[in-house]
Amino acid sequence: MIPAVSAFLALAALAADAPPAPAVSIQRADDDEDVILEASLRLKSELAAAGFTGQIVACSVDPIKGPIDCPLFGGQDGISLARVEGASSIFATSVLPGGRRWQRRLRVTDADGGNDATLLAVRAVELLRDVQLHLVTTPSNDPEEPIPLEPFAQAPPRRRSDWVFTAGLNVVTMPWTTQVRFVPVLGASLGAGRQFGSGTLVLLEASGPYLTYLPIAMQSTQATLQDRPLFQVQALATARASWSSLRSGPFAAIRTGLRFMHVQLGADNLRGPSDSTVRAMAGAGVGWALPLGRRVFGTLEAHLDISPSVQIVDNNETTQTVLDSTGIWSGGLELTLAIADP
């Protein structure tokens, strides 16, 4: 019994004399993407397995410049995580007791595992060890007064904007009458929206004016292009989604809104009657985005819309002219230039 008690007391004394595990700050934004939030939790476990104590600290982390005004838990070492444009950034910072400091950045694209939380956690611990080894093995220029190394200067806090502004050219077509199926019309579009993460964009767009002349089905003759101008404008809410990045590669879109149409039924020189109507519309499309710079990218999108059919009857003394959309489908092609936050 006495030897067992002695052994227990000896182990307790060793545990009391053992130095505490080195502290490491895990820095990331609370509103970052899910992969970063999951990686920070896995990183805490990886640090514990490597003999560190991890503490998650919520602060601003710029994907290019690194942590902004982020405190170091324990005052020595930190790992920062951020994500943008289909890639994750890892920043490892280490500070010696004398004040010597070093920071390195590792950018991991999705193709290399940038969307894998476990892989990010393992690479973050490896990067921190590399930084610590660099500080230990590299002699200081002035050991008595070490100069902190700041390869990534700390920028002042900046509120990131996720707004996107677009301008483009559209070609739309709608089937009218049974004689001439499609009349393509050229118009323009302007839009503004907000990006959520790297894969979702919500846009409010206005497009038009679309001005054309429609063929009219008459009782006694075949459809011909008469003096029947049609004026259209559209107001749309569009949601785009991509499995990689909205600024590069394929994406899908759904949209809904209103279509305003004004039709001049009689000849202009006779001041004939006119009529206007508003129709709800909804549709979907696919497109491709091409990056043109740090803040600029272009898109080409093809879409198909559905809306209630339109029928307007012009009764006069001699004939009855009927304007009728033979289908409720319309198609379009949109070429857009977008400006977004880097």
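Just so it is clear, none of the values below were taken in a lab; they were calculated from the coordinates. All figures in this text were calculated on a predicted structure; none of them were measured in a lab. Neighbour counts run over all protein chains shown; Cβ positions are idealised from the backbone, glycine included.
Placing pseudo-labels 7 Å out from each Cα toward the beta carbon at residue 235 and residue 137 gives an inter-label distance of 6.5 nm. Sorting 82-95, 44-57 by their mean Cβ neighbour count within 10 Å, with the most densely packed peptide first, gives 82-95, 44-57.
Tell me, what is the FRET efficiency for residue 49 and residue 200 to the nearest 0.05, using R0 = 35 angstrom and their Cβ-Cβ distance as r? Please list the in-between numbers first.
On the way: r = 35 Å, r/R0 = 1.00.
With a Förster radius of 35 Å, E is 0.50.
Taking amide H as placed 1.01 Å from N in the peptide plane, the amide H of residue 29 sits under 5 Å from that of 59, 61, each at least 5 places away or on another chain.
Which length gain, in nm to one decimal place, applies between residue 337 and residue 162 when the Cα-Cα distance is subtracted from 0.36 nm times their residue separation?
Extra length available between residue 337 and residue 162 comes to 61.4 nm.
Put simply, the C-alpha atoms of region 20-137 give a gyration tensor, and the ellipsoid matching it has half-axes of 21, 14, 14 Å, longest first.
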